[in-house]
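S.K.: Quick one: the structure is below, questions incoming.
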Amino acid sequence: MQLAVNIVVLAAIYALISCGYVLIYRVSRVLNLAHGELMLVGAYLLYSTASLLGGNPLTAVAMAAVLGLLVGVLVYVLLMRRMTGEMVLAAVLCTIALGVMLRGATVLIWSAQVRHPMEALGWSNPSLVLFGDARISLISAILIGATAVVYAALFGFLGFTRWGIRMRAAGQNPLLASQRGIQLHGVYALAWGLSTFTAGLAGMLISLDSSLDGTMTMIGLKAFPAALVGGLDSLAGALIGSAIIAIAEVLLIQFVNPLLSDVVPFFVLLAVLVIRPWGLFGSKEELDRV
Amino acid sequence: MPRKYAPLIAALLTIALAPGVMAQDAYVVGLSGALTGPQAGTYAPIMESVKLYVDQLNRRGGVNARPVHLVVQDNQGEPSKAAADAKKFISQDNVILIISASVSSTYAPMAAEAKRGGIPLVYTMVCPTAVFPPKPDELQFCTGPSSGNHDGPMGVQFIKEQSRDPVRLGVVAMAIPLSRGVADSAEETAKSLGMTVVDKQIIPPPTPDYTPYASKLKSAEPNWVYATAPWVTEVKTVEALRKLGWNGKYLAIALAPTEDDMVRLKDGELYAVSANAFFHDDLPVHKEIRDAAGKANLAYPVTHLADGWIAGMVLEQALKNTSWPPTAEKVLAAMNGLKVDTKGLRGKPIEWTKTNHFRTEQYYRFYRWDSAKQSIVPAKENWATVDVK
C-alpha cells in the first residue's frame, strides 16, 4: 500500500511540474528550460512572504501564488515578447539564459542557505495514517489534491473558456488566430503566467514538504522527461507520462537498485522516443514543426 | 586628448592599479570556491568565514605587519572554472597559496594547475587521499573536517557502544564517490563488529521525494541508521523515515547546517557526529566568531562558519612562519612544519609534517537532541580519537 502512495505522490509532483512545460510549448512552441528556476523563484517568494507575514500564513501563500503568476507575465513582457517572430531555437536559448540569471539572482537575494518555509509559516506537516498502515505527509496529500485541481482547472479553462479557446487557437495557427483578432501577446503572457504559477505552486509545496535550496532546479529538470514521454503538447499526456515515470522510479527503488531511479526517467524517455518520437499523446505535426 | 580629462584618467589609473600596488606589500592568497551553484549551501559559508577571518586579521595589523590580500573567485563547483581560477591566481595574481572551498570534482584540475605553478593548495572541506600519510602530495594540504578513511568506522563504533540490543543497521549515502566510500567502510566495520547491515540506500542527488528510499529502508527494519551524505540528503531521509513512523536511532555526519536542523527537528533519537565542536558548547572561540559575525553583514548563520574560521587560523599561522618577501616555497616550508591550536574548535591542534598533510589524530564529537532539556547535548562526554597512520 505504501508503494502505491509513494507512486501517486511522485506522479503528482512530476505532473504538477510538467503541466507548465506543456502549457508554454502548446501555445508558443517554446521549450521553457528555465522552468525549474521558476519553480525555485516561486518557492523563495513563499519563503519571503511567509517571513514577512508569518502571522497570516494563508495571506502569505496567496500572495506568493499571485506573485508567481506575475513573475511569469513579467518574464513574457520583458523578455520573451522580444522573441516573437524569431526562430524557436533563439527563444529556447533565451530561456536557458533566463535560468542562469534566475539561479544567480536567487543566491544574491536569498543566499544558498537551506530555508524552511514551513517553519516561517508557523505550520507543521504531520503524517497521516491511511488504510493498510500506509502513511503520507499532510503536504504530500495537499500536493496530490492541488495537482488534481490544477489539471481539472486547466482542462476546463482550455476546453470551455473564451481565453482558453483563444490559447488553443494561437497554439494551432498563430497567424490565423491573429487575423481573427486574437491578441497573441495577451494569450502568450497568460500562458507564461499560468505556467509559472503552476511551477511556483510545485516549488512551494515541495519546499513545504521538505526544504528549499538551489537543487530544486534539478528537480524541475527531472520532470521534463515526463512531459516528453506524454507528448509535449498534451496535458493528458503529461499526466500519463508522469505516472509512467513515477511507477518506473518507485518500483526500481523498491525492487532493484535505488541508484537506477536517477536514470530511469531518461531511459523511459529514450524508449518512448524510439517508438513514438512525438510522445504517447503528442501531435505528430507539432513535432515536425520543431 | 583634452587636458581636462587628465585628472579623471589619473584617478581611474590609480583605482585600476591600486590592488596591484597593495598586493606588492601584502601576502596574496587565492580563494576559489562554490560561492554559487547547486552546492553553494555547503561551500559559500566557508568562503564567507575565511574572508571574515582575514578581514579581522587585517584589522589587527595583518601578519608580520603586512596585510593579507585575499583574491576571491567563484567556481560554482565546476571543474573547468576551478582550473581557470587556479590559472588566474598563478599567472595574474601571483598568489603564494591557494585555498579551495569547493566540491571534490574540482580538486584534480586545481591540483594540476597548482602543481604546474608550484603553489601549495589547501582544501577546506573534504580531504582527498592525496593529503594522507605516509606519502602525501607535496603541494596538497587539508584543514577540512571529513576523512573518508575514518568517518565510517568511527560512527559505527559509536553505534556499537550505544546499543544494548543487537544492531540492525541501515546505511544512507549519496551517489557521489566520497559518500559511497564512507558508507562502504561503515558497512565493513559494522560487519566486523557483529552488526547486521539490513539495507544500504545510495540516493541520487536532487530527489523530489525521499519517501520511496525511506520506505525501502524502513521495510528492512533497522534499529539504527548511519547516514553519510551531504546534509540535505541526510536530513531529508530522516524526516521521510519519521513521516513513515520509523522510531529508530539515526546517526548522521554533521555538516554546517546540522546544528540548526537539530534544533528545528527536536528529534530525541537523532545523533550527529562532528569533527568540529558545536556552537552549543559555547567555547570562548565560539564567542569570538559570534562577535566577528555580529559586526559583519553575513548571509549565513554563525553555526556555518567553523570550517572557514579554522582555515583562516591555519592560513594565519602558515603566513606568520613565512618570512618577507613571501614565496610559495617559503609558504610550503612553513606548512610542512605547522601546528595550529584551533582553540577547541577541533579536538586537538592541526599538525602538518612533510609526511602528513592531514593531521596526526582525527577527533570526533557526538551530539544528540535532549528532549528534556530542549537542547543539543554531547552524546559522549569526551572527543573520540583515532590515530591517522
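The values are calculated or read from the model by the stated rules, or taken from the named source; none is laboratory data. Bear in mind that the values here come from a model prediction, so they are computed numbers and not experimental data. Cβ: placed from backbone, ideal geometry, glycine included. Neighbour counts: every protein chain shown.
S.K.: Across region B:217-241, which residue is farthest from the other protein chains (Cβ to nearest Cβ) among those that are surrounded by fewer than 20 Cβ atoms within 10 Å (Cβ to Cβ) and free of Cβ contacts under 8 Å to residues at least 60 places away in the same chain?
M.R.: So, considering only residues that are surrounded by fewer than 20 Cβ atoms within 10 Å (Cβ to Cβ) and free of Cβ contacts under 8 Å to residues at least 60 places away in the same chain, the one farthest from the other protein chains (Cβ to nearest Cβ) is B:221.
S.K.: Please go through region B:135-166 and pick out each residue that is charged (D, E, K, R) and either surrounded by 21 or more Cβ atoms within 10 Å (Cβ to Cβ) or in a loop (DSSP other than H, G, I, E, B) (or both).
M.R.: Hits for region B:135-166 are B:135, B:137, B:138, B:151, B:164, B:165.
S.K.: If you don't mind, there's one more thing I want to ask. Given the conditions (1) touching a Lys or Arg at 6+ places or on another chain (Cβ under 8 Å); (2) assigned to a helix (DSSP H, G or I), and given that residue B:225 satisfies all but one, which numbered condition is not satisfied?
M.R.: All conditions are met except number (2).
S.K.: Turning to a different aspect of this structure: Yes or no: residue B:334 more than 13 Å from residue B:281 (Cβ to Cβ) and not assigned by TED's automatic domain parsing to the domain that holds residue B:318?
M.R.: In short, no.
S.K.: Looking at region A:240-255, can you tell me whether even one residue there is within 14 Å of another protein chain (Cβ to nearest Cβ), surrounded by 21 or more Cβ atoms within 10 Å (Cβ to Cβ) and over 19 Å from the mean Cα position of the chain (by Cα)?
M.R.: Within region A:240-255, one or more residues are within 14 Å of another protein chain (Cβ to nearest Cβ), surrounded by 21 or more Cβ atoms within 10 Å (Cβ to Cβ) and over 19 Å from the mean Cα position of the chain (by Cα).
S.K.: Let me ask another. Mind listing whichever residues of region A:110-164 are over 22 Å from residue A:8 (Cα atoms), in contact with a strand residue (DSSP E or B) (Cβ under 9 Å, 6 or more places away or on another chain) and among the hydrophobic types (A, V, I, L, M, F, W, C)?
M.R.: Result: A:110, A:114.
S.K.: Still on this structure: What helices (runs of 4 or more DSSP H) lie completely within region A:48-153 and have 1 or more residues being within 14 Å of chain B (Cβ to nearest Cβ) and not acidic (Asp, Glu)?
M.R.: Of the helices (runs of 4 or more DSSP H) lying wholly inside region A:48-153, those with at least 1 residues that are within 14 Å of chain B (Cβ to nearest Cβ) and not acidic (Asp, Glu) span A:88-110, A:117-121.
S.K.: A further question follows. Of all residues in region B:169-206, which are more than 14 Å from chain A (Cβ to nearest Cβ), in a loop (DSSP other than H, G, I, E, B) and under 20 Å from residue B:150 (Cβ atoms)?
M.R.: Hits for region B:169-206 are B:193, B:195.
S.K.: Among the residues of region A:188-235, write down those that are at pLDDT below 95, in contact with a Gly (Cβ under 7 Å, 6 or more places away or on another chain) and more than 23 Å from residue A:263 (Cα to Cα).
M.R.: A:233, A:234
S.K.: OK, next. Would you mind stating whether residue B:214 is at negative phi, at pLDDT 95 or above and among the small types (Gly, Ala, Ser)?
M.R.: yes
S.K.: Looking at the structure I just gave you, is residue A:15 in a helix (DSSP H, G or I) and either farther than 15 Å from residue A:147 by Cα or more than 14 Å from every other protein chain (Cβ to nearest Cβ) (or both)?
M.R.: no
S.K.: Here is a further query. For residue A:34, work out the one condition from (1) within 14 Å of chain B (Cβ to nearest Cβ); (2) in contact with a helix residue (DSSP H, G or I) (Cβ under 8 Å, 6 or more places away or on another chain) it doesn't fulfil.
M.R.: (1)
S.K.: When region A:207-226 is examined, which residues are found to be within 7 Å of chain B (Cβ to nearest Cβ) and either farther than 11 Å from residue B:208 by Cα or basic (Lys, Arg) (or both)?
M.R.: Correct list: A:213, A:214, A:222.
S.K.: Take the residues of region B:58-86 that are surrounded by fewer than 21 Cβ atoms within 10 Å (Cβ to Cβ) and at positive phi: which is farthest from the chain's Cα centre (by Cα)?
M.R.: If we take residues in region B:58-86 being surrounded by fewer than 21 Cβ atoms within 10 Å (Cβ to Cβ) and at positive phi, then B:65 is farthest from the chain's Cα centre (by Cα).
S.K.: Starting from residues that are within 30 Å of residue B:227 (Cα to Cα) and without any contact (Cβ under 8 Å) to a residue 24 or more places away in the chain, keep the ones in region B:290-322 and report whichever is nearest to the chain's Cα centre (by Cα).
M.R.: B:302
S.K.: Does region A:117-124 include one or more residues that are at negative phi, exposed (fewer than 14 other Cβ atoms within 10 Å of the Cβ) and over 20 Å from the mean Cα position of the chain (by Cα)?
M.R.: Yes: one or more hits.
S.K.: If residue A:83 meets every condition in (1) modelled with pLDDT of 95 or more; (2) touching a Cys at 6+ places or on another chain (Cβ under 7 Å) apart from one, which number is that one?
M.R.: (1)
S.K.: Counting just the residues of region B:34-66 that are away from chain A (no Cβ under 14 Å) and not in a helix (DSSP H, G or I), which one comes out farthest from residue B:326 (Cα to Cα)?
M.R.: My answer is B:60.
S.K.: Let me ask something else about it. Residues in region A:164-184 that are surrounded by 14 or more Cβ atoms within 10 Å (Cβ to Cβ) and part of a helix (DSSP H, G or I): how many?
M.R.: 13
S.K.: Between a residue in region A:255-270 that is assigned to a helix (DSSP H, G or I) and any residue that is of a type in the set (Lys, Arg), which pairs come within a Cβ distance under 7 Å, given they are 6 or more apart or on different chains?
M.R.: A:258/B:216; A:265/A:222
S.K.: Any chance region A:30-44 includes a residue that's hydroxyl-bearing (Ser, Thr, Tyr), assigned to a helix (DSSP H, G or I) and within 14 Å of residue A:225 (Cα to Cα)?
M.R.: The answer is no, given that none of the residues of region A:30-44 is hydroxyl-bearing (Ser, Thr, Tyr), assigned to a helix (DSSP H, G or I) and within 14 Å of residue A:225 (Cα to Cα).
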